[in-house]
1. Check residue 185: other-chain or 5+ apart residues with amide H under 5 Å from its amide H, H built from backbone geometry?
2. Among 16/141; 47/141; 59/101; 76/109, which pairs are too far apart, with a Cα-Cα distance over 24 Å?
3. Report the relative contact order of the range 1-76, percent, no decimals, based on alpha-carbon pairs under 8 angstrom and at least 6 residues apart.
4. In debye to the nearest 20, how big a dipole does the range 131-214 give about its Cα centre with +1 on each Lys and Arg Cβ and -1 on each Asp and Glu Cβ?
5. Along the charge dipole of the range 64-127, which of 71, 125, 99 sits closest to the positive end, that is, farthest toward it, with unit charges on the beta carbon of Lys, Arg, Asp and Glu (+1, +1, -1, -1)?
6. Give the long-range amide H neighbours of residue 13: residues separated by 5 or more places, or on another chain, with amide H under 5 Å away, using H modelled in the peptide plane at 1.01 Å from N.
7. Kirkwood Rh over alpha-carbon pairs of the range 3-213, then Stokes-Einstein at 20 °C and 1.002 mPa s: what D in µm² s⁻¹, rounded to an integer?
8. What is the dipole size for the chain, taken about its Cα centre, with +1 at each Lys and Arg Cβ and -1 at each Asp and Glu Cβ, in debye to the nearest 20?
Amino acid sequence: MNTVDISGVIEHTNLKPDATMLTITKLCQQAAEHSFHGVCVNPYYVKHAKKMLKQTGIKVITVVGFPLGSNDTLVKCVEASAAVANGADEIDMVMNIAAFKNGEHDFIKREIQNVIQAIPENIVLKVIIETGLLSQDEIIKATRIVEDAGADFIKTSTGFNEGAGVEDVKLIKDCIVGKMKIKAAGGIRSRQQAMELIKAGASRIGCSRSLELL
């Protein structure tokens, strides 16, 4: 995979709480310059990113229930709907990890489906399962729930805990029976690491050090 190919799978990311308008502007300019798939920003910056990337074809991605996932379902639905209204093309939603750990698997599936129903069909939904907090058996179970719920992608991590691991991506890939794709994110610092994750099954790479991957 050459530089052009890898650029197209990168979601250039800045989810830092102290990110300024200037840093988000720079993020968007870099994404346009290198033809990244998209930028991933906090909801506050969705409108600005959409304006910056108008007519570039680069997607605006934002987060819901971030970074803990324990928000009320209604709040997640409203947050997702508002993000789309502001210009988001893709939503990265954090699974309710506490509920999952409590064994409330039906609740997890219903919540994902509720968020799907709250956004238009053309909006991509990714569900972050936070692999660093899960055992292998839990990763398998979470993958099956997310796929059964109808999400477009399953995402490894928020980046606030242990990041993407090659073995985790392989495990998730082996569990997928349909068309759901994988986004690897969290702690990706080199081109070699990104290539290993892609080889393991990731279709997207979420990264704040995107330029280093090139």
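Where a number appears in this text, it was derived from the coordinates with a stated rule and is not lab data. Everything numeric here is computed off the predicted structure, so don't read it as measured data. Backbone-built Cβ (ideal geometry, glycine too); neighbour counts: all protein chains shown.
1. 156, 157, 164, 206
2. 16/141; 47/141; 59/101
3. The normalised contact order for the range 1-76 reaches 28 percent.
4. Computed charge dipole of the range 131-214: roughly 360 debye.
5. My answer, from the dipole projection, is 99.
6. 40, 207, 208, 210
7. Translational diffusion coefficient: 128 µm²/s.
8. Value, rounded to 20: 560 debye.
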